[in-house]
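Take a look at the structure set out below.
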Amino acid sequence: MSETSPSVELLEQVEDVGGAAQPLLQVSGLTKHFPVRGDLFSPRKTVRAVDNVSFSIAKGETVGIVGESGCGKSTTARLLMHLMKRDAGDIVYDGMQVGRALSLRELRRGMQMVFQDSYASLNPRLTIEDSIAFGPKVHGMADAAARLLARELLGKVGLRPETFANRYPHEISGGQRQRVNIARALALSPRLVILDEAVSALDKSVEAQVLNLLADLKREFGLTYLFISHDLNVVRYISDRVLVMYLGEVVELGPVDKVWDAPAHPYTRALLAAMPSSDPDNRTETPPISGDPPNPIDPPSGCRFHTRCPFAEPLCANATPELSDVDTMGHQAACYMAIAGSGHSRAPAKENDKGATAA
Ligand SMILES: Nc1ncnc2c1ncn2[C@@H]1O[C@H](COP(=O)(O)OP(=O)(O)OP(=O)(O)O)[C@@H](O)[C@H]1O
């Protein structure tokens, strides 16, 4: 890459990675309740999509979010990107409060998102080059520089610019489109990229290629990822830490190997037990999770998982467990049984008010 390249800014980010201990993203008490139509007796109801969620992401880290459909993964991502307004909570990006010290315009430069639907994410009337150049131009880059950047980024995501720059989204494959979406996300030199089921629609072989590409780009540009997926194998492969969500709440988080090797929350154990494993000796004895998640409009009292939990005790229905340390390595779970078994002190219970604090 030449010294005059407009994408040199991307490379400069690499120097930032590793040194700083301050998290790139700190989320605390993030909450989003959607109003929905109720019935004659209570016409106003709310879906508690995200409830008091807290976590942080260190610079250069990949944090995965897993959980059943409807647990609040995508809503969390959209709230971080400010694609919808949060009801409560703080989002601090690189030490700056989103919406206060950090304007939304600056946030867009720092944080970008790649969605599952590669086709819907691109304007069908724009060529690939125009799509990638669009964001930088909106942010003030000259047309020629933005086009040069677009072509450079196409090369970075493994697509020859001379072949792909002038094509339209419908003229390329799903895997190629997702590479274009990744290039488009990188065009504003973000430091954090949120990948919401970004490889889920791809064939397994293409998925593996895109995962390898993401790993290469992360190294080259010093990126930080928030990786949302229902595919636990993929999350384990790509993540440093993982956050497990259930009915809008974080129930477990920690280093991915610790969570996989010794899941502390019965919900995580059930999720992992339901995973196909090539190593039968490495399976937990927890029965696969039964039934559908309860209605998020009226979630169960106490621990929201207690209605499906094989280990539930009366306490679990009456008080909400806080996220508490399972060990001293950043592994936390919101489960009375897990905390009691860990030898760490039991967190105080709060009725219907869980404050989740993640390392
Ligand atoms: N705009 C909306 N209005 C009302 N309810 C919503 C809205 N968006 C999401 N929800 C509800 O919020 C809850 C969380 O949804 P969300 O899409 O965040 O879950 P998810 O974990 O990403 O699910 P999936 O894996 O299926 O995408 C669900 O119960 C969903 O139906």
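Observations
- Number of the exception - His82 against (1) under 18 Å from Arg105 (Cα atoms); (2) assigned to a strand (DSSP E or B): (2)
- If you filter the stretch 51-74 down to residues that are out of contact with any Phe, Trp or Tyr (no Cβ under 8 Å at 6 or more places or on another chain) and hydroxyl-bearing (Ser, Thr, Tyr), you find that the one that is surrounded by the fewest Cβ atoms within 10 Å (Cβ to Cβ) is Ser69.
For (1) at pLDDT below 95; (2) within 25 Å of Pro136 (Cβ to Cβ); (3) under 15 Å from the mean Cα position of the chain (by Cα), each residue gets a yes or a no:
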position	(1), (2), (3)
Gly38	yes, no, no
Pro43	yes, no, no
Val47	yes, no, no
Phe55	no, no, yes
Arg109	yes, yes, no
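- Only one of the numbered conditions (1) within 22 Å of Leu25 (Cβ to Cβ); (2) free of Cβ contacts under 8 Å to residues at least 12 places away in the same chain; (3) not β-branched (Val, Ile, Thr) is not met by Leu192, and that is (2).
- Any hit, the stretch 162-184, residues being in the same structural domain as His33 (by TED's automatic domain parsing) and over 27 Å from Ala201 (Cα atoms): no
- Of all residues in the stretch 248-268, those satisfying the criterion of being buried (at least 24 other Cβ atoms within 10 Å of the Cβ) and either in a helix (DSSP H, G or I) or within 16 Å of the ligand (Cβ to nearest atom) (or both) are Gly248, Glu249, Val250, Val251, Glu252, Leu253, Val259, Pro266, Tyr267, Thr268.
- Of the residues Asp51, Asp39, the single one that is under 16 Å from Pro294 (Cβ atoms) and more than 8 Å from the ligand (Cβ to nearest atom) is Asp51.
- For the residues Asp196, Asp130, Asp203, Asp216, the requirement of being touching a strand residue (DSSP E or B) at 6+ places or on another chain (Cβ under 9 Å), of a type in the set (D, E, K, R) and in the same structural domain as Val66 (by TED's automatic domain parsing) singles out Asp196.
- Leading residue by the ranking (nearest to Ile194 (Cα to Cα)) among those in the stretch 86-137 that are in a helix (DSSP H, G or I) and small (Gly, Ala, Ser): Gly110
- Filter pass, Gly70 being within 14 Å of the ligand (Cβ to nearest atom) and in contact (Cβ under 8 Å) with a residue 24 or more places away in the chain: yes
- Conditions (1) more than 26 Å from Lys218 (Cα to Cα); (2) within 16 Å of the ligand (Cβ to nearest atom); number of the one not met by Leu79: (1)
- Flag for Ile228 being away from the ligand (no atom under 16 Å from the Cβ) and under 30 Å from Asp292 (Cβ atoms): no
The values are calculated or read from the model by the stated rules, or taken from the named source; none is laboratory data. All values derive from a computational prediction rather than experimental measurement. Glycine gets a Cβ as well: all are built from the backbone with ideal geometry, and neighbour counts include every protein chain shown.
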